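All remarks here apply to the structure that follows.
The values are calculated or read from the model by the stated rules, or taken from the named source; none is laboratory data. Everything quoted here is computed from the prediction, not taken from an experiment. Here the Cβ is made from the backbone with ideal geometry for all residues, glycine too, and neighbour counts use every protein chain on show. When the accessible area is computed, the model is the full protein with side chains, heavy atoms only, and any ligands, DNA or RNA have been set aside. Shrake-Rupley method; radii C 1.70, N 1.55, O 1.52, S 1.80 Å.
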Amino acid sequence: MTSNGTSNGSTQRPKTGIKVVVVGAGFGGLGAAIECHRNGHDVEIYEQFDELKSLGDIISFGPNAGRIFHRWGIDLRAYGFNIHKYDTGEIVINQRTPEYDRTAPNFNGHRGELHAVVYEHATVELGIPIHLGNKIRTYFEEEGKAGIILENGEKGDVVLAADGVRSKARKSVLGYEDKPKSSGYAVWRSWFTNEDMLADPETAQFCNNGDTFNGWIGPDMHLLFSTIKNGADCCWVLTHPDEHDIDESWSFPGKLTEVLDALKDWDPMCSRIVSKTPESRLVDWKLVYRDPLPTWVSPGARILLLGDSAHPFLPTSAQGAAQAIEDGVTIATCLRLCGSKDNVPTARVREAQKTGESTRDMWHKTDWDKVKDDPTVIQFPRLAWIFEHDAERHAEEVYGEVVKQVTAAAS
Ligand SMILES: Cc1cc2nc3c(=O)[nH]c(=O)nc-3n(C[C@H](O)[C@H](O)[C@H](O)COP(=O)(O)OP(=O)(O)OC[C@H]3O[C@@H](n4cnc5c(N)ncnc54)[C@H](O)[C@@H]3O)c2cc1C
């Protein structure tokens, strides 16, 4: 996974004179900033963290995001998926890795490591200014301008609020506070190095033959287990029912005993893998959700929500980060095409969001007799309308028509 900074990622279009402030330096914010830079807008980023930290564990990007990374000059590599029945452990299907397309690669890897590559691309290679340790509390919008208020004054013509699932900007856009909701599920998750896995002859197979990807699908739970970097690192995520109160926080230290208890009737290999996890590296991650919003754009159309602040995803969509990046491409392209900050269509991302629920429910309510007849029914959906989407080309193609519709509706 490298950033070579040499492809058309470094090509910048002529300056538009639009000043954009991005709040949040997650994938959504960094992606939006990179795309604003490529499209000729003057952009700076404000981020509450004081420094870049390698946070999180596995994250997935489909080819629709791989296509964007490729344009930026960031190269990604990936591998394939064995799906097991939860109790017997039998492999019901090996879902083949799609043919590798270096212009639109599929990628599963460590969030923190890929984030560092994108961060360096934005701030070092492209020189986009970033202001760390700046927690934004206030947004303003008045006739002809909008921005954020900092100790040293006001900033920006347009604000792209990429401030994540606990977004503060949502209130400015919606005019009321809406709280995240429990999705009814949580994920125990961990990322650790392979020493204990290699020491056990039963589990060494997952680490000493290159990268592997296995999933156990069962009633109301699923366990996904990956080995990464040629088997050197291991990562598993176990989605399970959970109605915990997530008002204040959604990520807690996890307890191994609870995970092992949940897996007691499953293929013993699941507990064997989990038992290799250092408890200090176990996280209990509550999956919060938000209802689809009526709008992502403030009344004056100068504050825009993007990424998780607009549309948090469930992990079973494997599209949250990819859609955040697509948002930035779409918004930056639209700003270039007319210099206005009008709304953009929202239907695509809502459909993509729903796949998180449909895949989870399909797996948790599997009819194993049907799988016996046709194991492909349990495959992870790889939907062409998601993966073949080219956000930049699409924004360029539909922009004129959307402006016509919005103008007609407003008059
Ligand atoms: C610490 C962390 C770990 C994660 N780990 C995983 C993972 O392991 N696997 C996975 O699939 N997804 C993970 N995610 C979620 C995933 O990155 C996002 O779902 C997806 O990439 C969309 O990104 P986003 O930029 O919209 O939001 P986020 O990635 O949540 O980024 C939001 C950014 O905004 C900043 N911010 C928030 N409020 C303010 C404010 N008031 N002022 C300034 N800055 C602000 C935050 O510090 C953060 O950097 C993680 C997110 C975070 C923040």
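Note on the range 314-325: among residues that are modelled with pLDDT under 85 and outside any helix (DSSP H, G or I), the one that is farthest from the ligand (Cβ to nearest atom) is Leu314.
Applying a threshold of 9 Å to beta carbon distances and a minimum spacing of six or more residues, or different chains, the list of pairs starting in the range 231-249 at a residue that is under 20 Å from Gly164 (Cα atoms) and ending at one that is modelled with pLDDT under 90 and β-branched (Val, Ile, Thr) reads Ile246/Val288. Is the range 39-58 home to any residue that is open to solvent by 30 Å² or more (accessible area, probe 1.4 Å), closer than 30 Å to Val377 by Cβ and touching a residue at least 60 places away in the same chain (Cβ under 8 Å)? Yes, because at least one residue in the range 39-58 is open to solvent by 30 Å² or more (accessible area, probe 1.4 Å), closer than 30 Å to Val377 by Cβ and touching a residue at least 60 places away in the same chain (Cβ under 8 Å). Restricting the range 164-194 to residues that are of a type in the set (Ser, Thr, Tyr) and out of contact with any Leu (no Cβ under 6 Å at 6 or more places or on another chain) leaves a set whose member that is least open to solvent (accessible area, probe 1.4 Å) is Ser167. Residues in the range 195-217 that are of a type outside the set (S, T, N, Q) and open to solvent by less than 30 Å² (accessible area, probe 1.4 Å): Met197, Asp200, Ala204, Phe206, Cys207, Gly210, Gly215, Trp216, Ile217. Scanning the range 284-312 for residues that are buried (at least 17 other Cβ atoms within 10 Å of the Cβ) and among the aliphatic types (A, V, I, L, M) returns Leu287, Val288, Leu293, Val297, Ile303, Leu304, Leu305, Leu306, Ala310.
The condition of being in contact (Cβ under 8 Å) with a residue 12 or more places away in the chain, more than 16 Å from the ligand (Cβ to nearest atom), buried (at least 22 other Cβ atoms within 10 Å of the Cβ) and within 26 Å of Lys354 (Cα to Cα) holds for only one of Cys334, Cys270, that being Cys334. From the list Glu202, Glu177, the one residue that fits, being modelled with pLDDT of 85 or more and more than 20 Å from the chain's Cα centre (by Cα), is Glu202.
Could we say that Lys286 is free of Cβ contacts under 8 Å to residues at least 40 places away in the same chain and either part of a helix (DSSP H, G or I) or not small (Gly, Ala, Ser) (or both) here? Considered against the rule, which asks whether it is free of Cβ contacts under 8 Å to residues at least 40 places away in the same chain and either part of a helix (DSSP H, G or I) or not small (Gly, Ala, Ser) (or both), Lys286 comes out as no. Looking only at residues in the range 104-144 that are among the charged types (D, E, K, R) and over 28 Å from Ser317 (Cβ atoms), which one is modelled with the lowest pLDDT? Here the residue is Glu143.
Matching residues to (1) part of a strand (DSSP E or B); (2) touching a strand residue (DSSP E or B) at 6+ places or on another chain (Cβ under 9 Å); (3) among the basic types (Lys, Arg); (4) at pLDDT 90 or above:
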| position | (1), (2), (3), (4) |
| --- | --- |
| Cys235 | yes, yes, no, yes |
| His244 | no, yes, no, no |
| Phe252 | yes, yes, no, no |
| Trp266 | no, yes, no, yes |
| Asp291 | no, yes, no, no |
| Gly300 | no, yes, no, no |
| Asp308 | no, no, no, yes |
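In the set Ser54, Ser60, only one residue is in the same structural domain as Pro312 (by TED's automatic domain parsing) and within 13 Å of the chain's Cα centre (by Cα); that residue is Ser60. Those strands (runs of 3 or more DSSP E) of the range 101-209 in which at least 3 residues are not aliphatic (A, V, I, L, M), considering only elements entirely within it, cover 107-110, 139-142, 153-155, 181-193.
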